[in-house]
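The values are calculated or read from the model by the stated rules, or taken from the named source; none is laboratory data. The shown structure was predicted, so the numbers you read here are calculated from the model rather than taken from an experiment. Cβ placement follows ideal geometry from the backbone for every residue including glycine, while neighbour counts extend to all protein chains displayed. When the accessible area is computed, the model is the full protein with side chains, heavy atoms only, and any ligands, DNA or RNA have been set aside. Shrake-Rupley method; radii C 1.70, N 1.55, O 1.52, S 1.80 Å.
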Amino acid sequence: MAAVKLINVSKVYDGKNKVVHEVDLEINDKEFVVLVGPSGCGKSTTLRMIAGLEEISEGEIFIDGKLVNNVQSKDRDIAMVFQNYALYPHMTVFDNMAFGLKLRKFSKNEITERVNHAAKILDMEHLLDRKPKQLSGGQRQRVAVGRAIVRKPKVFLFDEPLSNLDAKLRVQMRAEITRLHQRLEATTIYVTHDQTEAMTMGDRIVVLKDGIVQQVDSPMNLYNRPANKFVAGFIGSPAINFIDGKIVKENGLAFISREKLISFQLSPDNSEKLIPYIGRDVTLGIRPEEFRIESKGGYKINVEVDLVEQLGSDVYLHFNLEGIPFIGRVKPTMDFRSRKEFELYFGSEMIHLFDSAEGKKIN
Amino acid sequence: MKKYLVISIAIILGVMTFLPFLWMISASFMSTGAANTYPPKLFPDKFDFSHYQNLLTRLNLARYLLNSLVISLGVTFFSLLLNSMAGYAFAKYRFARKKRLFKFLLSSMIIPGQVTMLPVFLILKNMGFINTYFAIIVPGMASIFGIFLIRQYALSIPDSLIEAAKMDGATELQIYFRVILPLCKPILVTLGLFTFMGTWNDFLWPLIVMTDSSMYTMPVALANLMSEHVQDTELMMAGSVITIVPVLIVFLALQKYYIKGIMMGSVKE
């Protein structure tokens, strides 16, 4: 197993189209790192550069302390699972998994042993004689994972491996891959556009946008302490609510939204950081679950709910404030469909303030 | 009612197409002169194998059969190898001016083969290939049509398969032989069939480059035989049967792949 290090890695197409900007990243041995971001953010390109399938325009990539910029994929000792599985259609499951070992001239016994072992781990011993077209999507993905693990590579790369599966299977495979990682303790780099996958699977998450790393942190830190407005908006479902306003000085500091529907006193802990922003445009971010129905202190807003979604465990309340759609997520403590007007409360501890112009977090 | 009408028309057309073929086979077994009697006979009174015997022993047809076989197999083998390599490269490799080069090659398809016959003949003559198997095999080794056919097919192979093979540790040649070629099987069979039949049946080019009678291919030898034994219908028919049978066997054996190949090339999955 090995650490992976990216120093100032960039990718430029046709000499002008820069899709990955100076990525610096250190992935520790045995770590599960997820690259996440909207489509076109450069996450797959970054992964493919690590895999050696894309040339590195600038910067350096080290695997296990060795510079691999000019090392071919096959000599990097990595394995990759592709989005469309990329199984060889003319080979049986056994041969698909054994192909890499055969090319590397492993003995027959060793190959059989490794393939059988992997098949056992993935619970597909009964499928070894089948061809890929006789398998379901989930089984195919399992074969693709099996093909990667028989090689016992230093690093596993996953390129959106679950996006071709249906929702139920995705949840199941997600858990399976996480368990597999715990069992094999292999350094893993996983690319996805699904923030739920990122949050549930990663030891650390790298959030990318337009080829630029926005934040690298643990899932909980990303959620609770997003570095900027983009990360705050990308991580979390339903998404965080944003509303623009200003910071004013009023017995200490206070936030006032544009149409003054939200106005509250800011906690004095952050005053120092916020003083430079007095009078400037800022954006307030409140996660849906920060809204409460009962007052336990905190600030009150009066809202008119236009849609109630009952999920059983939670209730989503949709409402508008100053023309901006908001979602509140509350516990089903009462019948929310019987009336429209509610008083919602939120505390000032878990609110996020961003510089409206640059988007970076300021509190 | 409409169904029966269609079926009867199909049967009539089928019989009309098959009848000359059937008569060719049956006449080849008739004794000398029996094919030209009036009213014409559809089947021989008794089976006479002497024409076949004659062709294969006295008239040296075995030699021509061997020539045809060596040449057709040679052209098929090399054209499959080279066309698939080129087609794969055009489909999956990134290199400078790929599109322009491919368009240039395609545009050469509009030049009729007869135009290039003389220059190709002169080149082969300078190389000393006239009256050797190479005179037919070398010019047939690669064709734009073949490259185009393979390219179109190879385009439908996902890039990730090639990348997966790379990650598995395969070299470029291993990828080509162990991943690409097996996947291209239907189109290779189709192209192989086209090439084999085309070469086997080709008359004009072997006639030009094979001046020594011992190097004749079947169609040339047969045409030669006709001018000598014009009145011997039964012998001609036996010669025709010998010429057709190998192609027929190849076609029937590969027919199911051939149809699959044509379908798969046209519809991208």
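A few comments on the model shown:
- Dividing the helix sum by the residues of chain B, where each DSSP H run of 4 or more adds -39500 (n - 2.57), gives a mean residue ellipticity at 222 nm of -23500 deg cm²/dmol.
- Under 5 Å, built H, 5+ apart or other chain: amide partners of A:Leu253: A:Leu266
- Computed from the alpha carbon atoms alone, the convex hull of segment A:1-157 holds 130 Å³ per residue.
- Residue of A:Ile61, A:Ile293, A:Ile50 that the Gaussian network model of chain A assigns the largest fluctuation, springs spanning Cα pairs under 10 Å: A:Ile293
- Multiplying the residue separation of B:Asn224 and B:Val70 by 0.36 nm and removing their Cα-Cα distance gives an extension gain of 53.4 nm.
- Placing unit charges on each Cβ (+1 for Lys and Arg, -1 for Asp and Glu) gives the protein assembly as shown a dipole about its Cα centre, and among A:Leu208, B:Ile180, B:Met24 the Cα reaching farthest toward its positive end belongs to B:Met24.
- Its relative contact order, with pairs defined as Cα atoms under 8 Å and 6+ residues apart, puts segment A:241-355 at 29 percent.
- When the surface is traced with a 1.4 Å probe over the full set of protein chains, A:Phe62 keeps roughly 50 Å² accessible.
- Anisotropy class of segment A:241-355 from Cα gyration tensor, a/c 1.5 cut: prolate
- Considering only A:Gly236, A:Gly137, A:Gly65, the mean-square fluctuation computed in a Gaussian network model of chain A, springs between alpha carbons under 10 angstrom, is largest for A:Gly65.
- Solvent-accessible area buried by B and A, counting both chains, probe 1.4 angstrom, square angstrom: 1800
- When only the Cβ of Lys, Arg, Asp and Glu is charged (+1, +1, -1, -1), the dipole of the protein assembly as shown relative to its Cα centre reaches about 1000 debye.
- Shape of segment A:203-290, Cα gyration tensor, a/c cut at 1.5: prolate
- Interface residues of segment A:65-90, defined as those with an accessible-area decrease of at least 50 Å² between the chain by itself and the complete set of protein chains (probe 1.4 Å), are A:Lys74, A:Phe82, A:Tyr88, A:His90.
- Annotation: amide H-H contacts under 5 Å for A:Phe158 (H modelled 1.01 Å from N, sequence separation of 5 or more, or interchain): A:Val81, A:Ile189, A:Tyr190, A:Val191.
- Each part gets one Cα centre, and for segment A:94-166 versus segment A:214-279 those centres are 47 Å apart.
- If you take the Cα centroid of segment A:30-65 and the Cα centroid of segment B:105-131, the two points sit 51 Å apart.
- The protein assembly as shown: Rg to Rh, with Rh as the Kirkwood radius over Cα pairs: 1.18
- In terms of its alpha-carbon gyration tensor, chain A comes out prolate; a/c meets the 1.5 threshold, and the first ratio a/b outweighs b/c.
- Look at the dipole of chain B built from charges on Cβ: of B:Tyr88, B:Gly198, B:Val138, the Cα furthest out on the positive end belongs to B:Tyr88.
- Integer Hz, Karplus 6.51/-1.76/1.60 couplings in order for segment B:23-38, x for Gly and Pro: 5, 4, 5, 5, 5, 5, 9, 7, 6, 3, x, 5, 6, 9, 6, 10
- Mean separation of Cα contacts under 8 Å (6+ apart) over length of chain B, as relative contact order %: 31
- With K and R counted +1 and D and E -1, the other residues having a Cβ less than 15 Å from that of A:Val12 yield a net charge of -2.
- Annotation: per residue accessible area for chain B equals 56 Å², rounded to a whole number [probe 1.4 Å, protein chains only].
- Estimated vicinal HN-Hα couplings, Hz - segment A:242-252 in sequence order (Karplus 6.51, -1.76, 1.60; Gly, Pro = x): 10, 8, 7, x, 9, 9, 10, 9, 7, 6, x
- Accessible surface of the protein assembly as shown [probe 1.4 Å, protein heavy atoms]: carbon and sulfur percent: 58
- With helices as the sole contributors, chain A gives -7000 deg cm²/dmol at 222 nm; each DSSP H run of n ≥ 4 counts as -39500 (n - 2.57), and the sum is divided by every residue.
- Solvent exposure of segment A:269-318, expressed per residue, is 54 Å² of accessible area, with all protein chains present and a 1.4 angstrom probe.
- Within segment A:20-61, the residues that become at least 10 Å² less accessible when every protein chain is included than when their own chain is isolated (1.4 Å probe; DNA, RNA and ligands ignored) are A:Arg48, A:Leu53, A:Glu54.
- Sequence-distant residues sharing a close amide H with A:Gln214 (under 5 Å, placed H): A:Val207, A:Leu208, A:Lys209
- Considering only A:Leu344, A:Phe354, A:Leu253, and ranking their Cα positions along the charge dipole of segment A:241-355 that arises from unit charges at the beta-carbon of Lys, Arg, Asp and Glu, the one farthest toward the positive end is A:Leu253.
- For chain A, a Gaussian network of Cα nodes joined below 10 Å ranks A:Ser271, A:Ser73, A:Ser313 by mean-square fluctuation, and the top entry is A:Ser313.
- When all protein chains stay in place and ligands, DNA and RNA are ignored, the 1.4 Å accessible-area order of A:Arg204, A:Arg287, A:Arg225, B:Arg100, largest first, is B:Arg100, A:Arg225, A:Arg204, A:Arg287.
- Which listed pairs, of B:Lys46/B:Lys256; A:Lys11/A:Lys66; A:Lys131/A:Lys209, have C-alpha distances above 29 Å, in listed order: B:Lys46/B:Lys256; A:Lys131/A:Lys209
- Our summary gives chain A a relative contact order of 16 percent, counting only alpha carbon pairs under 8 angstrom and 6 or more residues apart.
- Placing +1 on the Cβ of every Lys and Arg and -1 on the Cβ of every Asp and Glu, with nothing else charged, gives segment A:259-326 a dipole about its Cα centre of roughly 280 debye.
- Rounded to whole Hz, the Karplus (6.51, -1.76, 1.60) HN-Hα couplings of segment B:47-62, x for glycine and proline: 6, 10, 8, 5, 5, 5, 4, 4, 4, 7, 9, 5, 8, 6, 5, 4
- With respect to chain B, whose longest principal axis is taken over its alpha-carbon atoms, helix B:113-127 is tilted by about 80°.
- Summing Lys and Arg as +1 and Asp and Glu as -1 over all other residues whose Cβ lies under 12 Å from the Cβ of A:Leu266 gives a net charge of -1.
- Once divided by 2.2 N^0.38 Å, the Cα radius of gyration of chain B becomes 1.24.
- Alpha-carbon centroid distance for the pair segment A:1-18 / segment A:304-363, whole angstrom: 40
- Out-of-range pairs (alpha-carbon distance over 26 Å; input A:Lys120/A:Lys168; A:Lys105/B:Lys99; A:Lys260/A:Lys361; A:Lys152/B:Lys92): A:Lys105/B:Lys99; A:Lys152/B:Lys92
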